[in-house]
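Okay, structure first, notes after.
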Amino acid sequence: MPTSSSPSARESYTLPGMLVTNRRFSVPLDHADPGGERLSIFARELAPIERAGAELPYLVFLQGGPGSASPRPESRSGWLARALQDHRVLLLDQRGTGLSSLVSYQTVAERGTAAEQAAYLAHFRADAIVADAELIRRELIGDEPWTILGQSFGGFCALRYLSAAPGGLRAALITGGIPSLTRPAEDVYRATFPRVEAKNRAFFARYPHAQLTCRRIADHLLKNDVSLPNGQRLTARQFQQLGLAFGGAGGSESVMDLIERAFVTVDGRDELAYPFLHGVFGATSFHTNPIFTVLHEAAYCQGTASNWAAERVQADFPQFDYAPGKEFLFTGEMIYPWMCDEFETLRPLKDAAELLAAKSDWPALYDLGVLAENRVPVAAALYYHDMYVDLGLAMETVARVPNVETWVTSEYEHNGLRTDGERILDKLFAMLPHVERG
């Protein structure tokens, strides 16, 4: 297997059972302009220590998000333990994330006008991520294909990969992330709002006393100016966004832990306790991951504008609009324009976000003709109770793409790969043709 020594400033070290090599690659910002501005892409390569010099096939991990960095492993455990039995693993920090060229309110501000910022950010979707991966594959192993593992949004990237560069793939593994190939963002939210409501019903059935506490918190926020640790005012609708955690195992418990510690009595009056405020501040990635906000709905756009689809669709679900005296419901993985007014680190991106929401010339992400002739073996774990990726929409896609084997299970939430990854990955490998298992 050919290897590459060209990526500069490589660093190697060991972790329990693994040799780790940090790699950096140079890719064009715009793949249609390879001679233009460049970005740095970071990837952490892991090899089993006992076979570090062996020519093992690559498995590339595509992280969820959008806009989240790959995990930084501490040990050879979970899905990595299974993958490293017969693969080298490449943990790719997708462009704009982690140790790759970073997208933040600080770096985007340097781009100039809102139009220039929006034009820059438009290059951080799945199509560019896959093009980056293909350049990296050719630099590392030439014409040899590799296997990809896409979690959540990483599965969206996997479908783009199957559509745009199937020759680069030996196989594709997907966990909780098969997108609709044709439906707009509105359809996605019409499917997921009821799922979020169902998660709320389950939460308040388990913790019936939490309903009164949540109303008390929301009412307090409507009446008082309460600041988070960064000085940002906490509002009731920001508090509702804690429901984002309901889609993962342990999420309901983490939210309940915060709620139980919400109030403290000071000089005879109730105030929201600092540990609660600190926990709320750290409970979502909106503060540190602007891509998740400004490009979240763009992940569904192909020749259409999102026009803040979640906000428009929520008008059909007024039960999520809290007011004093109403039932309290948390929201889920929905992005709203008001976030660019209320979140300190999103305010500088507000005008660019508005332009991206209005952008109607997004290129197609999926080539339906290529996918209809798919020959790459695909194994996917889909979760019956998934709050983020609707199972019905995912199965519509599966019906249109041949050579996709699915395992639909109610055993896990959306983050099953994190909670029981070794078993899940072993099952996915077993679903592939034997020749593809490395």
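Quick notes on this one:
- The set of residues in the stretch 20-56 being assigned to a loop (DSSP other than H, G, I, E, B) and either of a type in the set (Val, Ile, Thr) or modelled with pLDDT under 95 (or both) consists of 52, 53, 54, 55.
- Taken together, the residues in the stretch 405-418 that are outside any loop (DSSP other than H, G, I, E, B) and closer than 28 Å to residue 251 by Cβ amount to 7.
- Counted residues, the stretch 98-110 - those being assigned to a loop (DSSP other than H, G, I, E, B) and either at pLDDT 95 or above or assigned by TED's automatic domain parsing to the domain that holds residue 347 (or both): 6
- Residues that are surrounded by fewer than 21 Cβ atoms within 10 Å (Cβ to Cβ) and under 26 Å from residue 95 (Cβ atoms), drawn from the stretch 74-85: 74, 78
Here's the yes/no breakdown for (1) touching a strand residue (DSSP E or B) at 6+ places or on another chain (Cβ under 7 Å); (2) at pLDDT below 95:
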{"residue": "361", "(1), (2)": "no, no"}
{"residue": "364", "(1), (2)": "no, no"}
{"residue": "370", "(1), (2)": "no, no"}
{"residue": "385", "(1), (2)": "no, yes"}
{"residue": "388", "(1), (2)": "no, no"}
{"residue": "399", "(1), (2)": "no, no"}
{"residue": "403", "(1), (2)": "yes, no"}
{"residue": "420", "(1), (2)": "no, no"}
{"residue": "434", "(1), (2)": "no, yes"}
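- When residues of the stretch 72-97 are limited to those that are among the basic types (Lys, Arg) and in a loop (DSSP other than H, G, I, E, B), the one farthest from residue 123 (Cα to Cα): 76
- Condition check for residue 162: over 24 Å from residue 347 (Cα atoms) and among the aliphatic types (A, V, I, L, M): yes
- When the test is whether a residue is in the same structural domain as residue 153 (by TED's automatic domain parsing), hydrophobic (A, V, I, L, M, F, W, C), touching a residue at least 12 places away in the same chain (Cβ under 8 Å) and more than 23 Å from residue 297 (Cβ to Cβ), residue 399 does not pass it.
- Unmet criterion (only one of (1) surrounded by 13 or more Cβ atoms within 10 Å (Cβ to Cβ); (2) assigned to a strand (DSSP E or B); (3) of a type outside the set (Lys, Arg)) for residue 217: (2)
- Extreme residue, surrounded by the most Cβ atoms within 10 Å (Cβ to Cβ), among residues of the stretch 5-64 that are within 18 Å of residue 142 (Cβ to Cβ) and of a type in the set (Ser, Thr, Tyr): 58
- Taken as a whole, the structure leaves residue 155 outside the set of residues that are of a type outside the set (A, V, I, L, M) and either assigned to a strand (DSSP E or B) or surrounded by fewer than 19 Cβ atoms within 10 Å (Cβ to Cβ) (or both).
- Taking (1) touching a helix residue (DSSP H, G or I) at 6+ places or on another chain (Cβ under 6 Å); (2) touching a residue at least 24 places away in the same chain (Cβ under 8 Å); (3) surrounded by fewer than 17 Cβ atoms within 10 Å (Cβ to Cβ) in turn, residue 111 satisfies each apart from (2).
- Total residues in the stretch 382-404, condition part of a loop (DSSP other than H, G, I, E, B) and in contact with a Pro (Cβ under 8 Å, 6 or more places away or on another chain): 2
- Condition check for residue 352: at pLDDT 95 or above, surrounded by 22 or more Cβ atoms within 10 Å (Cβ to Cβ) and farther than 30 Å from residue 121 by Cβ: no
- Residue that is farthest from residue 126 (Cα to Cα) [pool: residues in the stretch 325-349 that are of a type in the set (Asp, Glu) and outside any helix (DSSP H, G or I)]: 327
The values are calculated or read from the model by the stated rules, or taken from the named source; none is laboratory data. Because the structure is a prediction, the values reported are computed rather than measured. When we count neighbours, we look across all protein chains shown, and the Cβ atoms used for this are built from the backbone with ideal geometry, even at glycine.
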